[in-house]
Amino acid sequence: MSQSFNAFVVNKSEAGFSAGVQQLTLDDLPAGNVTVRVQYSSVNYKDGLACLPESPVVTSYPMVPGIDIAGTVAESSDPRFAVGQEVIAIGRGLGTDHWGGYAEYARLSGDWLEPLPQGLSLKEAMALGTAGFTAALSIQRLEQNGLRPGTGRVLVTGATGGVGSTAVSMLAGLGYEVVASTGKTAEHGYLEELGASEILSREAVSAQVPHPLEAELWAGAVDPVGGDTLAYLLRTTRYGGSVANCGLTGGPAVSTTVLPFILRGVNLLGIDSVMCPEDVRAAVWLRLGTDLKPKNLLESISHEVDLNGIPAVAGQILTGAVKGRTIVRI
């Protein structure tokens, strides 16, 4: 293994805040029983937050962001992982509490790693990453609560983002009638290519109204937005339907009543991909390599940058200016 390598590092000291590519050595890496030669990572909303001078997610400095990792094992004292094996890791505090994937090498606990799922390349795994995993976990939870193709329309909010775009493609591939909402009128064609049969404006799914319930429209919904959009979904989901909430780009506060729950039996499903149990995580990744793998994943949903391209994308993802998924080529 090379004794020095490139990494994208954020740091804060009395001299101020810095973010950029610098040289590290293997001795700089944090503790762990597996060292991974990273080939790809990706840019998620949390990675954008990690690059802010006043980051709400980074717990200590210096920090290597990157909540997703895909690469090959370079060293291992964990009997579950052999040198040369292809592996992935997402969540678990990577990039916020423990150095993450924006570096040529990462050292971490084998408990956080899993073998590359069958049906996916390392690059495809990062085209999905945390965002795609979150979308898949949302769909699995919706199905566990009764959602099936033919039971009604499914709404995906924030549909041009990482979670939204992968959710649209996955649901369409499973045979659902997918409705997408977005604030980007120029991207309607993109969403239709992913499989959306109808597109609603952001305003249509976030308007505040005085009524606690509205017409029953949706059999289910994938919502990475939260805020007023989640309140709208709760008011308009059909009897017995479910809303999988997995984000807060629209804000953490939700103004609602108990009426959707006690009069319509609506289910609000909380989706957490960071500390997701190992058995659930393995089942979701298995599906991501099979029935939930988006059609034309690399061509239609993702694009690439290198370590030097991270700052621009990290800033854009926080303002909703990124379409689909961004792979970081290490």
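The values are calculated or read from the model by the stated rules, or taken from the named source; none is laboratory data. Fair warning: this is a prediction, and the values are worked out from it, not measured in the lab. Positions of Cβ are backbone-derived with ideal geometry, glycine not excepted, and every protein chain shown enters the neighbour counts. Areas reflect the complete protein model, heavy atoms only, side chains present, ligands, DNA and RNA absent. Shrake-Rupley method; radii C 1.70, N 1.55, O 1.52, S 1.80 Å.
In this structure the chain gives 41 Å² per residue of accessible area when probed at 1.4 Å with all protein chains present.
When you restrict to C-alpha pairs under 8 Å that are six or more residues apart and normalise by the size of the chain, the relative contact order lands at 19 percent. Each label point was placed 7 Å from the Cα along the Cα-to-Cβ direction; for residue 319 and residue 207 their separation is 2.8 nm.
Could you sort 258-265, 295-302 so that the peptide with the highest average Cβ count within 10 Å comes first and the rest follow in order?
Top to bottom by mean Cβ count within 10 Å: 295-302, 258-265.
Taking the DSSP beta bridges with both ends in the chain, the antiparallel portion is around 60 percent.
How would you rank 71-79, 135-143, 3-11, 243-251, highest first, on the average number of other Cβ atoms within 10 Å across their residues? Before the final figure, lay out the partial values.
On the way: 71-79: 16.6, 135-143: 24.6, 3-11: 19.1, 243-251: 21.6.
Sorting 71-79, 135-143, 3-11, 243-251 by mean packing, highest first, produces 135-143, 243-251, 3-11, 71-79.
Spin-label model, residue 299/residue 148: points 7 Å from Cα along the beta carbon direction are separated by 3.4 nm. Once the Cα-Cα distance is subtracted from the 0.36 nm per residue extended length, the residue 263 to residue 15 segment shows a gain of 83.6 nm.
Working from label points 7 Å from Cα in the Cα-to-Cβ sense, the residue 26 to residue 272 distance is 3.6 nm. Every Cα-Cα pair in the stretch 45-133 was counted, and those over 18 Å apart are 43% of them. Dipole size of the stretch 130-270 about its Cα centre, with +1 on Lys/Arg Cβ and -1 on Asp/Glu Cβ: approximately 320 debye, rounded to the nearest 20. About its Cα centre, the chain has a charge dipole of approximately 520 debye under the convention of +1 per Lys or Arg Cβ and -1 per Asp or Glu Cβ, with nothing else charged.
Positive-end ranking of 69, 16, 215 along the dipole of the chain, with charges on Cβ about the Cα centre, is headed by 215. Going down the table (184/295; 123/293; 46/293; 184/323; 46/295), which pairs top 19 Å between alpha carbons? Listed pairs above 19 Å: 184/295; 46/293; 46/295.
Segment residue 85..residue 216, full-extension length gain: 42.2 nm, with 0.36 nm per residue of separation and the alpha-carbon distance subtracted.
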